[in-house]
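Visitor: Just passing along the structure, written as structure tokens.
The values are calculated or read from the model by the stated rules, or taken from the named source; none is laboratory data. Note that the coordinates shown come from a computational prediction; the quantities given were computed from them, not determined experimentally. Cβ atoms come from the backbone with ideal geometry, glycine included; neighbour counts cover every protein chain shown.
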Amino acid sequence: MKKNKLNSYNSQYFLAYILIAPAVIYLLCIVGWPLIETFRLSFTNSSIAGEDYVGFENYEKLLSSSKFSKIAIRTFVWTFFSVLLKLIIGMIGAVLLNASLRGRSFFRILVLPPWVVPIAIGALGWMWVYNGHFGILSGIGIRLGILDGPFSFLAYKNSAFIATMVTDIWVGVPFVTLFFLAGMQAIPRDLYEAAYCDGAGRFSRWYHITLPQLTPVIITMSLISAVSTFVSFDIIYILTEGGPRGATTTLIIDTYKMALGNYKFGKGSARAVMIVIMISTFAIAYFYLLSRINKKVSHG
Amino acid sequence: MDKYSLPLKIFLYLSITVFFIFILLPFVEMFYASLRPLKHIFRSPYQFYSDDLSFWAYREMWNTVPLLGRYIFNSFFMAITVTFFTLLFVIPAAYSYARFNFPFKQGSLWVLLAVNMFSGAVLLIPLFKLLRYFDLLNTYFAMIVPGIAFCIPTSIWLLKAYFEKIPVELEEAAYCDGASRMDILFRIIAPLSTPGIAVTAIYAFIQAYAQQFLFAITFNSIREYMPIVSGLTEFIGYQSVKWNEMMAASIVGVFPVLIVFIFLQKYIVEGLTAGAVKN
């Protein structure tokens, strides 16, 4: 009798669907439909004036243009190094904040502001840091004799590329640090104590215990960071608007400018679809890899 | 376990210092710039200290941009509205995911994560058309409607983890005693999950506050509705850019969020990381 009662408690599909329906319907309207509409628009020459079906023309132009492949490669390079450094600095940060030092709980709060503050405002602060005449970086550089005069970091191709990346890393580091730290705290202490008794040093304990135990968190964070970095918009838009001479134009900036700067919705949509395809391919490959790793772990 | 030796301790503190110089540099620079008189700000080469620093910009900024207070209000108003509606959508959905088994459950949870991947920027064109069709461009709703959508997925994941922690036996006992589903949701689940709902609300608020920039520059061109992040551009005048006041306004604009966050950070951090670390 009791069993029946429990089953009936947990098996009301109808109620379950009613409860998720509002959220699902809302997302279908605001995310689902726009996604399909983006695909449809990408086969048209839609603009403010109107639209006509043009087949694969947008894609053909896009894929044959050397400018687009250049932008795509640039986006990948930007994303790769940004994510890599987020993970490395995040790991260093987590190790530091995990050390049993005085002031630890204070440090753990102090790391969060870049994540909490709107990116647009953080980027404004960096804009000032990078300023050639009035920024602190240039100021220190001149004092130390590294620079012989004011240097505007956002005005030159290579330095602007690196500067936008550094700001993106800055935005991402607190989040990564936080998750690595939480992961470290979940590792059983006796593992470390056993290793200590066996004479393992600090680095060896980190390498043989922390790193393998953290692997699932590291993998999760690299996916989350990679996806959000790939479509990172605010930072570049505020710092350089994709300049100087296109040196920091990533796929998302290019898409935005095409669609809402020039009001070429069709061409912009084709670019947006390319981004969706790239992210999806990446995520699928990633989950495939993940499931293989999991299999290996459970069999080994 | 082994204690830190003195040199190691010094090394650790030095590393922490370097780490935090990186984390706090733009904030310090912003604060510093906000204290400088406008003439001084353009003094080159860079000066690390001078004796004419003042809080003058914090007073003057309200005159330079008369709508500044309005912008800050807009930011809060929109973020709070987004949070409210997000909770309205998310509480029943998260409860359903935590308690019921139904076809497509796991699949739809992954689809929710995928929504997170397509950030607003990818979908701007159809969103623009959608908002134009419903005549919502240049209103508060132009920023609120898409804002809610992108807060929903993560919020569902967050809150689901909380609901799962509440023992199902409690509900079954009430159910056997004849309580209705709605009674259970409002009398048992809601009070027990208040901390979880609070964490979700704060998360949604922070995200809503942060993501305003893109929607504001794309879907709104009316000054009265601008959030602070796009209102800051008003300090860029025809004659000169009042950098010190712009920086002061930025600091004032983010300060309340920062304070709220610092008081509640423990719960947010625990709530956010709990799910990810477990899996």
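Visitor: Determine, yes or no, whether A:Asp168 is of a type outside the set (Phe, Trp, Tyr) and surrounded by fewer than 23 Cβ atoms within 10 Å (Cβ to Cβ).
Guide: no
Visitor: Give the residue, chosen from A:Ile238, A:Ile219, A:Ile209, A:Ile224, that is touching a Leu at 6+ places or on another chain (Cβ under 7 Å) and under 16 Å from A:Val176 (Cα atoms).
Guide: A:Ile219
Visitor: Please enumerate the residues belonging to the stretch B:127-141 that are within 12 Å of another protein chain (Cβ to nearest Cβ) and in a helix (DSSP H, G or I).
Guide: Matches in the stretch B:127-141: B:Leu127, B:Phe128, B:Lys129, B:Leu130, B:Leu131, B:Arg132, B:Tyr133, B:Phe141.
Visitor: Looking at (1) surrounded by 14 or more Cβ atoms within 10 Å (Cβ to Cβ); (2) under 30 Å from A:Gly50 (Cα atoms); (3) in contact with a Ser or Thr (Cβ under 9 Å, 6 or more places away or on another chain), which is the one condition that is false for A:Ile279?
Guide: It fails just one condition, (3).
Visitor: Please list, ordered by residue number, the helices (runs of 4 or more DSSP H) wholly in the stretch A:182-238 having 1 or more residues that are in contact with a Gly (Cβ under 6 Å, 6 or more places away or on another chain), touching a residue at least 40 places away in the same chain (Cβ under 8 Å) and crowded, with 19+ Cβ neighbours inside 10 Å.
Guide: Ranges flagged: A:211-230.
Visitor: Please verify whether the stretch B:61-69 includes one or more residues that are buried (at least 21 other Cβ atoms within 10 Å of the Cβ), within 24 Å of the chain's Cα centre (by Cα), more than 9 Å from every other protein chain (Cβ to nearest Cβ) and touching a residue at least 12 places away in the same chain (Cβ under 8 Å).
Guide: For the stretch B:61-69, residues buried (at least 21 other Cβ atoms within 10 Å of the Cβ), within 24 Å of the chain's Cα centre (by Cα), more than 9 Å from every other protein chain (Cβ to nearest Cβ) and touching a residue at least 12 places away in the same chain (Cβ under 8 Å): present.
Visitor: OK, next. Quick check, is B:Phe213 in a helix (DSSP H, G or I), within 10 Å of chain A (Cβ to nearest Cβ) and either surrounded by 15 or more Cβ atoms within 10 Å (Cβ to Cβ) or out of contact with any Ser or Thr (no Cβ under 9 Å at 6 or more places or on another chain) (or both)?
Guide: Yes; evaluated as a whole, the condition is true for this residue.
Visitor: A follow-up question, please. Go through (1) surrounded by 15 or more Cβ atoms within 10 Å (Cβ to Cβ); (2) modelled with pLDDT under 85; (3) facing chain B (nearest Cβ under 10 Å) one by one and return the number of the condition A:Tyr17 breaks.
Guide: (2)
Visitor: What residue, of A:Leu35, A:Leu62, is part of a helix (DSSP H, G or I) and within 30 Å of B:Phe134 (Cβ to Cβ)?
Guide: A:Leu35 is the lone residue from the list that is part of a helix (DSSP H, G or I) and within 30 Å of B:Phe134 (Cβ to Cβ).
Visitor: Kindly provide the set of residues from the stretch B:90-107 that are within 9 Å of another protein chain (Cβ to nearest Cβ), more than 25 Å from the chain's Cα centre (by Cα) and part of a helix (DSSP H, G or I), ordered by number.
Guide: Selection gives B:Ser96, B:Arg99, B:Lys105.
Visitor: Continuing with the same structure: Would it be correct to say that B:Leu170 is over 28 Å from A:Leu223 (Cα atoms), without any contact (Cβ under 8 Å) to a residue 40 or more places away in the chain and in a helix (DSSP H, G or I)?
Guide: So B:Leu170 fits the description; yes.
Visitor: Restricting to the stretch B:108-122, name every residue that is at the interface with another protein chain (Cβ under 7 Å from one of its Cβ atoms) and without any contact (Cβ under 8 Å) to a residue 12 or more places away in the chain.
Guide: B:Met117, B:Phe118, B:Val122
Visitor: Six or more apart or on different chains, Cβ under 8 Å: which pairs go from a residue in the stretch A:122-145 that's at the interface with another protein chain (Cβ under 7 Å from one of its Cβ atoms) to one that's part of a helix (DSSP H, G or I) and small (Gly, Ala, Ser)? Could you list them?
Guide: Final answer for the pair search is A:Leu124/B:Ser250; A:Gly125/B:Ser250; A:Trp126/A:Ala163; A:Trp128/B:Ala33; A:Phe134/B:Ala33.
Visitor: Among the residues of the stretch B:218-233 satisfying the criterion of being surrounded by fewer than 19 Cβ atoms within 10 Å (Cβ to Cβ) and in contact (Cβ under 8 Å) with a residue 12 or more places away in the chain, which is farthest from the other protein chains (Cβ to nearest Cβ)?
Guide: Checked the stretch B:218-233; the qualifying residue farthest from the other protein chains (Cβ to nearest Cβ) is B:Glu224.
Visitor: Something else: If we scan the stretch A:34-51, do we find a residue that is under 30 Å from B:Pro7 (Cα atoms) and of a type in the set (D, E, K, R)?
Guide: no
Visitor: From the set of residues in the stretch A:52-78 that are exposed (fewer than 15 other Cβ atoms within 10 Å of the Cβ), over 24 Å from the mean Cα position of the chain (by Cα) and polar (S, T, N, Q), which is nearest to the other protein chains (Cβ to nearest Cβ)?
Guide: Checked the stretch A:52-78; the qualifying residue nearest to the other protein chains (Cβ to nearest Cβ) is A:Ser65.
Visitor: Can you name every residue in the stretch A:138-153 that is surrounded by fewer than 22 Cβ atoms within 10 Å (Cβ to Cβ) and either within 27 Å of the chain's Cα centre (by Cα) or hydroxyl-bearing (Ser, Thr, Tyr) (or both)?
Guide: The answer is A:Ser152, and nothing else.
Visitor: Shifting gears a bit: Of the residues that make up the stretch B:180-203, is at least one more than 9 Å from every other protein chain (Cβ to nearest Cβ) and outside any helix (DSSP H, G or I)?
Guide: Checked against the condition, which is being more than 9 Å from every other protein chain (Cβ to nearest Cβ) and outside any helix (DSSP H, G or I), the stretch B:180-203 yields at least one hit.
Visitor: Next up: So, in the stretch A:99-119, how many residues would count as being more than 7 Å from every other protein chain (Cβ to nearest Cβ) and either crowded, with 17+ Cβ neighbours inside 10 Å or in contact with a helix residue (DSSP H, G or I) (Cβ under 8 Å, 6 or more places away or on another chain) (or both)?
Guide: Selection size over the stretch A:99-119: 3.
Visitor: Just give me the residues in the stretch A:25-51 being more than 10 Å from chain B (Cβ to nearest Cβ), touching a residue at least 24 places away in the same chain (Cβ under 8 Å), surrounded by fewer than 17 Cβ atoms within 10 Å (Cβ to Cβ) and more than 13 Å from B:Phe128 (Cα to Cα), in sequence order.
Guide: Matches in the stretch A:25-51: A:Glu51 only.
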